[in-house]
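One structure is given below, encoded as structure tokens.
The values are calculated or read from the model by the stated rules, or taken from the named source; none is laboratory data. As the structure is a computational prediction, the values presented were derived from the model and not from experiment. In this analysis, Cβ positions are derived from the backbone assuming ideal geometry, glycine residues included, and neighbour counts consider all displayed protein chains.
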Amino acid sequence: MKVLLSGLDTFTDDLANTRVIFGRVFSEELQQFANDLNNHFCETEWISEKNKKETVKMHFTLLKSSNLERQSGPNHMRSNFHFDSTAIFKVRSH
């Protein structure tokens, strides 16, 4: 099986409010397997129908905001923490 890891992306269009930067994964066989697995989990109700995806977004996480230490301290809510990834994508585009 061939797998291509290529490019950077985020789950949002607003680079100033990024939670995750990920690399894209490309493989027809792996994509088909992931889609079939997602369909199976929906059919057996391990995943609700509202969370069913036509195509699973295959990716590998490179940077996740919940893993970053912040100046506000460790007890601050991490789930709402975003960072500005604009500079990372500017460097990438040159």
Residue in segment 23-34 that is out of contact with any Pro (no Cβ under 8 Å at 6 or more places or on another chain), in a strand (DSSP E or B), closer than 30 Å to THR86 by Cβ and in contact (Cβ under 8 Å) with a residue 60 or more places away in the chain present: no
Within segment 39-66, count every residue that is more than 30 Å from ASP84 (Cβ to Cβ) and exposed (fewer than 14 other Cβ atoms within 10 Å of the Cβ). 10
Name the residue that is nearest to VAL3 (Cα to Cα), counting only residues in segment 35-64 that are part of a helix (DSSP H, G or I) and of a type in the set (A, V, I, L, M, F, W, C). LEU37
Residue hits (segment 59-90; of a type in the set (D, E, K, R) and either farther than 28 Å from ASN35 by Cβ or at pLDDT below 85 (or both)) are GLU69, ARG70, ARG78, ASP84, LYS90
Scan (1) among the acidic types (Asp, Glu); (2) loosely packed, with under 10 Cβ neighbours inside 10 Å; (3) at pLDDT below 90 for the single condition ASP13 breaks and write down its number. (3)
